[in-house]
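Engineer: Got a structure for you, questions after.
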Amino acid sequence: MKQQQLILHERPNGLPNADTFAFKEVEVGSPGTNQLLLKTLYVSVDPYMRGRMADGPSYIEPFQVGKPLNGGIVSQVVESNNENFSVGDIVTGMLDFQEYHVVEENQVRKVNTFGLRPSVALGPLGMPGLTAYFGMTYIGKPKQGETVVVSGAAGAVGQVAGQLAKKAGARVVGIVGSKEKAHYITNTLGFDHAIEYKLGNVHQQLKEACPNGIDVYYENVGGEISDAVWSLLNTFARVPVCGAISSYNLEEGEYDVGLRVQQYLIKSRAKMQGFIVSDYADNFKEAYKELGKAIASGDLKFEETIREGFSSIPDAFIGLFTGENIGKQLVKVAEQEETV
């Protein structure tokens, strides 16, 4: 039995394009002792994957040319030789981008989707939800009455981070790229104000939206948008830094040079801390419990942008950098099968 696999065909210079990717036909394989055969239901595409396409030192190994891409996947068990998993179980893990997987039990974990579609395990109950939780609650630490600004506010991480700040009693302002996204974060998610950066003069928009300054800035984008924030930081402001998407697709020889941030950090005595979600691996159970409770009760709202078909993964990934998605960008590969 054959299946499709997505490989890195060549390293991109600037924004990835169709030449960056290639599809390869490989065998499905059969599960051995204690192994599982999984069918891919949903594939997650995330901005951090762009960094893995470059051949340079980072916090995670780069993708290898000619080898499959790898990331968050939700699958269904279709064959089990392991007593801890049953056919029909929904599982998630960091797996190669292909239609089926033969895995050991320690490569995946079962997920409770709370009656929602399995894709929830790649969004608010996956890496983006965990990233928002730890960045906001462990580093941002918003308090009652403070002002929190979230960039990339309509994205997979931003939508959760802003709601967590609202739950803590803060006033929350989100920076987004369209009127549709502005409407989404204010009317659906409950943000207090939305700033559309494409309307220009983000600094002036922020001054008007944050008359008492900014206590927490949740950083997802970097670049000129963040430059507009620094002079508005309040004393002892906190800046969790989880992304800088504005610089991910620089071409060879280009550099991300903007304002010097040091003077603003000194004046405000602000704390600016970069992090990755695995830094908090010991606290994942706590986060899953809190996020799951909020999802089950309906207190945590979220949106997904879903493309259909394994072949659409490259386009879905490229679309991340042109602002196509609201909420989590996913690719649906197969339907979940009903089990008795």
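The values are calculated or read from the model by the stated rules, or taken from the named source; none is laboratory data. Keep in mind that what you see is a predicted model, and the values were worked out from it rather than measured. Every residue, glycine as well, gets a Cβ built from its backbone with ideal geometry; the counts of neighbours run over all protein chains shown. With ligands, DNA and RNA removed, areas are computed over all heavy atoms of the protein, side chains included. Shrake-Rupley method; radii C 1.70, N 1.55, O 1.52, S 1.80 Å.
Engineer: Quick check for me: using +1 on Lys/Arg Cβ and -1 on Asp/Glu Cβ, what's the dipole size of region 203-340 about its Cα centre, in debye to the nearest 20?
Structural biologist: 820
Engineer: Figure the gain on full extension for VAL87 and GLU251 (residue separation times 0.36 nm, minus the Cα-Cα span) and round it to one decimal in nm. Write down the numbers at each step before the final one.
Structural biologist: Numbers: separation 164, 0.36 × 164 = 59.04 nm, distance 4.63 nm.
So the chain would gain 54.4 nm between VAL87 and GLU251.
Engineer: Here is a follow-up. How much length is gained if the chain between GLU338 and ASN187 is pulled fully straight, taking 0.36 nm per residue apart and subtracting their Cα-Cα distance, in nm to one decimal?
Structural biologist: 50.9 nm
Engineer: Still on this structure: Show me, for region 276-281, the HN-Hα J-couplings you get by feeding each phi into the Karplus relation (A = 6.51, B = -1.76, C = 1.60, θ = phi - 60°), rounded to Hz, glycine and proline as x.
Structural biologist: My calculation for region 276-281 gives 10, 5, 5, 4, 10, 4 Hz in order.
Engineer: Tell me the Kirkwood radius of the chain: reciprocal of the mean inverse pair distance over distinct alpha-carbon atoms, in Å.
Structural biologist: Mean inverse Cα-Cα distance, inverted, gives 20.9 Å.
Engineer: For ALA54 and ILE306, calculate 0.36 nm times their separation in residues minus their Cα-Cα distance, and state this gained length in nm to one decimal. Working shown, then result.
Structural biologist: Numbers: separation 252, 0.36 × 252 = 90.72 nm, distance 2.62 nm.
Here the segment from ALA54 to ILE306 would lengthen by 88.1 nm.
Engineer: So what J values fall out for region 93-105 if you push phi through Karplus, 6.51 cos²θ - 1.76 cosθ + 1.60 with θ = phi - 60°, rounded to Hz, Gly and Pro as x?
Structural biologist: Calculated HN-Hα couplings, in order: x, 8, 10, 5, 7, 7, 7, 9, 9, 9, 9, 7, 5 Hz.
Engineer: Semi-axes of the equivalent ellipsoid for region 68-220, please: Cα gyration tensor eigenvalues, times 5, square-rooted, ordered largest first, whole Å.
Structural biologist: 38, 15, 13
Engineer: Counting only heavy atoms of protein chains, what accessible area per residue, in Å², does region 77-235 have with a probe of 1.4 Å?
Structural biologist: I get 39 Å² per residue for this part.
Engineer: Is there a pair in LYS141/LYS179; LYS289/LYS328; LYS166/LYS198; LYS207/LYS293; LYS141/LYS332; LYS39/LYS301 whose C-alpha atoms are over 32 Å apart, and which pairs would that be?
Structural biologist: Where the Cα-Cα span goes over 32 Å, the pairs concerned are LYS207/LYS293; LYS141/LYS332.
Engineer: Peptides 185-194, 22-31, 161-170, 270-279: what's the order by average Cβ count within 10 Å, highest mean first?
Structural biologist: Per-residue mean Cβ counts within 10 Å order the peptides as 161-170, 185-194, 270-279, 22-31.
Engineer: Here's something else I'd like to know. Report in % the part of the accessible area of the chain that belongs to carbon and sulfur, leaving out ligands and nucleic acids; probe 1.4 Å.
Structural biologist: For the chain, the apolar C and S fraction of the accessible surface comes to 48 percent.
Engineer: Still on this structure: Using a 7 Å offset from the Cα along the Cα-to-Cβ direction at both ALA18 and ASN112, what is the distance between the two label points in nm, to one decimal?
Structural biologist: Placing both labels 7 Å along Cα→Cβ, they lie 4.6 nm apart.
Engineer: Under Stokes-Einstein, with the Kirkwood radius over Cα pairs standing in for Rh, what whole-number D in µm²/s applies to region 5-141 at 25 °C and 0.890 mPa s? Could the numbers behind the result be given before it?
Structural biologist: Values: Rh = 16.3 Å.
Answer, rounded: 150 µm²/s.
Engineer: In debye to the nearest 20, how big a dipole does the chain give about its Cα centre with +1 on each Lys and Arg Cβ and -1 on each Asp and Glu Cβ?
Structural biologist: The dipole of the chain has a size of about 1300 debye.
Engineer: Pop a pseudo-label 7 angstrom from the Cα along the beta-carbon direction at both THR322 and ILE266 and give the gap in nm to one decimal.
Structural biologist: In this crude label model, THR322 to ILE266 measures out at 4.4 nm.
Engineer: Follow-up. Which three extents, in angstrom, do the Cα atoms of region 60-123 have along their principal axes, listed largest first?
Structural biologist: The Cα atoms of region 60-123 stretch 37, 28, 20 Å along their principal axes.
Engineer: Normalised by the number of residues in region 120-202, what is the relative contact order in percent for Cα pairs under 8 Å and 6+ residues apart?
Structural biologist: Relative contact order comes out at 25 percent.
Engineer: What are the extents of the Cα atoms of region 197-248 along their three principal axes, listed from largest to smallest and rounded to whole Å?
Structural biologist: 32, 27, 12
Engineer: Just to be sure I understand the model, the point goes 7 Å from the Cα along the line to the Cβ. What's the resulting TYR138 to ASP299 distance in nm?
Structural biologist: Distance between the two pseudo-spin positions: 2.1 nm.
Engineer: Taking N as the number of residues in region 119-165, what is its Cα Rg relative to 2.2 N^0.38 Å?
Structural biologist: It is 1.10.
Engineer: Just to check I understand the Karplus step: with θ = phi - 60° and J = 6.51 cos²θ - 1.76 cosθ + 1.60, what whole-Hz values come out for region 16-25, glycine and proline as x?
Structural biologist: Per-residue couplings from phi come out as x, 9, 4, 6, 5, 10, 8, 9, 9, 9 Hz.
Engineer: What are the principal axis extents of the Cα atoms in region 6-81, in Å, biggest first?
Structural biologist: 44, 27, 20
Engineer: Compare ASP46, ASP96, ASP299 in a GNM of the chain, Cα atoms joined below 10 Å, and give the one with the largest fluctuation.
Structural biologist: ASP299
Engineer: Order these peptides, 120-130, 54-64, 231-241, 84-94, by their mean beta-carbon neighbour count within 10 angstrom, highest first.
Structural biologist: Final packing ranking: 120-130, 231-241, 84-94, 54-64.
Engineer: Sticking with this structure for a sec: Based solely on its DSSP helices, what 222 nm [θ] is calculated for the chain when runs of n ≥ 4 H residues each add -39,500 (n - 2.57) and the sum is averaged over all residues, nearest 500 deg cm²/dmol?
Structural biologist: The helix contribution divided over the chain gives -5500 deg cm²/dmol.
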